[in-house]
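**Q** Supplied in structure tokens, the structure appears directly below.
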Amino acid sequence: MKDFGSDKKNVVQANLDAQKIAFAPIMFQAAKSLRNLGILEYLFNNDKASIETIATELNLSVYGVKVLLEAGLSLEMVYLKDNEFILTKTGYFILRDKMTNVNMDFTQDVNYLAMNRLEESIVNGKPEGLKELGNWDTVYVGLSELPEKIKKSWFDFDHFYSDYTFPEIMPILFSNKPKSFLDVGGNTGKFSLQCAKYDPTVKITILDLPGQTEVARKNIREAGFQDRISTIDANLLDNSIPLPKGFDIIWMSQFIDCFSLEEIETILKKTHEAMTADASFYILETFWDLQKFQASTYSLHATSLYFTAVANGNSQMFHSKDIIKIIEKAGFVIDEMHEMIGMSHTLIKCKKRALQLNNSLN
């Protein structure tokens, strides 16, 4: 693992950052309230305004607006000039940036209560925070049963990052004109539907848990692709269940981060066994060490804790070298590696090692 970060802050800045951490849950709620109550929107539309004006226009108490805007000063979401408040760039991001809002809603609706059980999850090796959402072993078993608001925030978060990758991925995946795809962990079918629209002949099979495939089938019917997209109900952690064979491409998008390293190794060995010599195996993931911007790395480190306390208790957003080691151990070689796909993804194309050895001899 390469070096990351430093300790070059002066003591004043270090102390300030420590207080930001100490009060982070409280200040998060202040930021969300400034957004949800329309205060940021009002400042965006009016350039600047006093507490009294905002309170009158939004039918809020002067006291409520005052405490929120004063918190906003320390959050650097607003600044004060001549007794009037003005929106900052950070405030604008909280108000308008889609990624920021997806992350905030995911934090609030899915994680906020659950994170109070993070320590317990670390000690027990189980997602103890999941109890705040339902009585399941992992969140994936209960996705279809989540309350609508929580479910929406979960899927908005999951889809937001993957959707940005589709335009870049399709030309790569279809460059050799594959006839069949196995979409492992295909969830609601969003990626498979994109593939079916991109290529009018490709056949796709989605493999996932029953709750997800039920939703996928509904989406497939509504899109009219029943003739080219099918589903298989399966739990890949059941060692008695092999992957189906005969596909040109096996595809896993934002999937292996849902498992421990030991479980990933088992799944990748199953994948190797299911592949013919000329088939390709693609992994699309967000690796925290391959990010261009610090904001992305920060978000991925935070997301790892969601896996710890809510999702399953044993997975995370991985360092790329952790996964590359398992890819090689499972009998693959990396044929291609495309970094910075979409906003933060890496696309890894794997081939069976035997094929590479034969090619080198020829």
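**Q** Past 23 Å, Cα to Cα, is the threshold; run Lys98/Lys151; Lys149/Lys190; Lys329/Lys352; Lys126/Lys151; Lys8/Lys292; Lys48/Lys152 against it and keep the listed order.
**A** Lys48/Lys152
**Q** Hey, if we sort Val78, Val141 by accessible area with the 1.4 Å probe, largest down, what's the order?
**A** Val141, Val78
**Q** Just the projected area, averaged over all directions, of the convex hull on the alpha carbon atoms of the stretch 289-347: how many nm²?
**A** Mean orientational projected area (the stretch 289-347, Cα hull): 4.6 nm².
**Q** Could you give the radius of gyration (one decimal) and Dmax (whole number) of the Cα atoms in the stretch 202-271, in Å?
**A** Calculated on Cα positions, Rg and Dmax stand at 13.0, 39 Å.
**Q** Keeping the other protein chains in place, figure out the carbon and sulfur percent of the accessible area of the chain, with a 1.4 Å probe.
**A** Of all accessible area on the chain, carbon and sulfur atoms account for 53 percent.
**Q** Would you mind checking the pairs Lys32/Lys81; Lys270/Lys321; Lys20/Lys325 and listing those with alpha carbons more than 27 angstrom apart?
**A** Lys20/Lys325
**Q** Among Lys8, Lys245, Lys126, Lys32, what's the order by accessible area (1.4 angstrom probe), most exposed first?
**A** Of Lys8, Lys245, Lys126, Lys32, the descending order of accessible area is Lys8, Lys245, Lys126, Lys32.
**Q** May I pose another question? Between the stretch 287-345 and the stretch 180-204, what's the alpha-carbon centroid distance in Å?
**A** Here the answer is 23 Å between Cα centres.
**Q** Could you tell me the largest-minus-smallest coordinate of the C-alpha atoms of the chain on each of the three principal axes, in descending order and whole angstroms?
**A** Result for the chain: principal-axis Cα extents of 77, 50, 39 Å.
**Q** Amide H neighbours of Ile341 under 5 Å, at least 5 residues apart or on other chains, H built in the peptide plane: list them.
**A** Thr346, Leu347
**Q** Given +1 on the Cβ of Lys and Arg, -1 on the Cβ of Asp and Glu, and no further charges, what dipole in debye does the stretch 234-362 carry about its Cα centre, rounded to the nearest 20?
**A** Computed about the Cα centre, the dipole is about 180 debye.
**Q** Mean Kyte-Doolittle of at least 0.5 plus a Cα span of 15 Å or more along the axis: flag which DSSP H helices in the chain meet both, please.
**A** Qualifying helices: 62-74.
**Q** Now, a different point. How much accessible area per residue does the chain have, counting only protein heavy atoms and a probe of 1.4 Å, in square angstrom?
**A** 52
**Q** Let me know the charge dipole size of the chain about its Cα centre in debye, to the nearest 20, where only the beta-carbon of Lys, Arg (+1) and Asp, Glu (-1) is charged.
**A** 640
**Q** In addition: Where in the stretch 264-350 are there trypsin sites (Lys or Arg not before Pro) that are in a DSSP coil and have at most 12 other Cβ atoms within 10 angstrom of their Cβ?
**A** Lys292
**Q** In addition: Taking only DSSP H segments of four or more residues, each worth -39500 (n - 2.57), what value at 222 nm results for the chain once the sum is divided by all its residues, to the nearest 500 deg cm²/dmol?
**A** For the chain, the value works out to -14500 deg cm²/dmol.
**Q** If I ignore ligands, DNA and RNA and count only protein heavy atoms, how much of Thr297 is accessible to a 1.4 Å probe, in Å² to the nearest 10?
**A** Answer for Thr297: close to 10 Å² accessible.
**Q** Can I ask one more? With 10 Å bins from zero, work out the P(r) of the stretch 164-244 over every alpha carbon pair and list the percent per bin.
**A** Reading upward from the zero bin: 19, 50, 28, 3.
The values are calculated or read from the model by the stated rules, or taken from the named source; none is laboratory data. Because the structure is a prediction, the values reported are computed rather than measured. Heads up, the Cβs are rebuilt from the backbone with ideal geometry, glycines too, and the neighbour counts pull from every protein chain shown. With ligands, DNA and RNA removed, areas are computed over all heavy atoms of the protein, side chains included. Shrake-Rupley method; radii C 1.70, N 1.55, O 1.52, S 1.80 Å.
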